[in-house]
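Report on the structure given below.
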């Protein structure tokens, strides 16, 4: 991806334009939701707020509602709900992955401990669920509960396949559909549900979110082999060291005979050092794994754009189409 533009903040700002003022309102509401009277909890929540992520998920909620209607109180509650859920999963993921860093900051489990991190994640999830119950947003609650279920199932399926090193293309797509795409899909559905009961619109947004989420994860997996570690915030080839078989490697293994494929799997299984990681990355590039995965991400991005053609032309529609481009061309 060396020829592509770096993480293009101007492009993201363009995507943001149709909902720029609403995004500021969301930021205020999200900050207010991250308050507690328990001193330790309040300290950890303020620490989380300092980590300036791209906040793409609430942006998707706002754009999905604006393409289908007018942003309202329910839209903001939906955006806060998905960002609380997303933040909770990141905090829990760092515990599961024994990660020391998150977005360049020390992780919560590193600064405090696993117990604090797990409880903070639980707190964030319960805050989101209570927000929906109190406001009687039961449709949001159902959608998000299904998502949490799918995310857990995806994580456990990946864990099982990592132990056996027998991930194939079909299983990979099942894992990333549940682990990653389900939350982006939920952002689109929640945004739509907040403004309309038109099932054609909701289904179109669901399809857009699923394709966008799949493309997002494939690019993430490609970046693990060829990203810039300073930008990306984790060492290149981290997935290989963690014995995760992702799409570029799956495609490369499909393109060689069984003997070579078995030898690469053995290398990963015994635990790869830096030299082995470099060898495996070269193997993936030599056997078109990255090229084929990139083509798959581009096909999915086209499918995402096609999904929203049912909507009339608007700034929000253009923004959602641009968001697809941003995701496929990002470098971190």
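All of the numbers you see were taken from the coordinates with simple rules; none came from a lab. Here the structure is a predicted model, which is why all the values come from computation and not from measurement. Heads up, the Cβs are rebuilt from the backbone with ideal geometry, glycines too, and the neighbour counts pull from every protein chain shown.
First obtain the Kirkwood hydrodynamic radius of the stretch 33-174 from its Cα pairs, then insert it into the Stokes-Einstein equation at 20 °C and 1.002 mPa s, and state the resulting D in µm² per second as a whole number. Answer from the Stokes-Einstein relation: 129 µm²/s.
Helical runs assigned H by DSSP (4 residues or longer) give the chain a calculated mean residue ellipticity at 222 nm of -24000 deg cm²/dmol, each run adding -39500 (n - 2.57) before division by the residue total. Between 46, 57, 206, the residue with the greatest mean-square fluctuation in the GNM of the chain (Cα pairs under 10 Å linked by springs) is 46. Taking only Cα atoms and a 10 Å spring cutoff, compute GNM fluctuations for the chain and point out the largest among 257, 94, 276. With Cα springs under 10 Å in the chain, the top fluctuation among 257, 94, 276 is at 257. Between 0 and 90 degrees, the angle of helix 182-193 with respect to the longest Cα principal axis of the chain falls at about 20 degrees. Where does helix 289-307 land angle-wise versus the long Cα axis of the chain, in degrees 0 to 90, nearest 10? The helix 289-307 is inclined about 20 degrees to the chain.
Express the C-alpha Rg of the stretch 153-300 as a ratio against the empirical globular expectation 2.2 N^0.38 Å, rounded to two decimals.
So the stretch 153-300 has a normalised radius of gyration of 1.15.
Taking packing as the residue-averaged number of other Cβ atoms within 10 angstrom, the listed peptides 58-71, 112-125 run from highest to lowest as 58-71, 112-125. Computed over the stretch 89-237, relative contact order equals 16 percent, with contacts defined as Cα pairs under 8 Å that lie 6+ residues apart.
Taking Cα atoms only, the orientation of helix 199-226 departs from the longest principal axis of the chain by about 40 degrees.
If you wrap the Cα atoms of the chain in a convex hull and average its projected area over all directions, you get 16.4 nm².
Packing, taken as the mean count of other beta carbons within 10 Å per residue, orders the peptides 245-256, 313-324 from highest to lowest as 245-256, 313-324.
When only Cα pairs under 8 Å and 6 or more residues apart are kept, what is the percent relative contact order across the chain? Answer for the chain is 23 percent.
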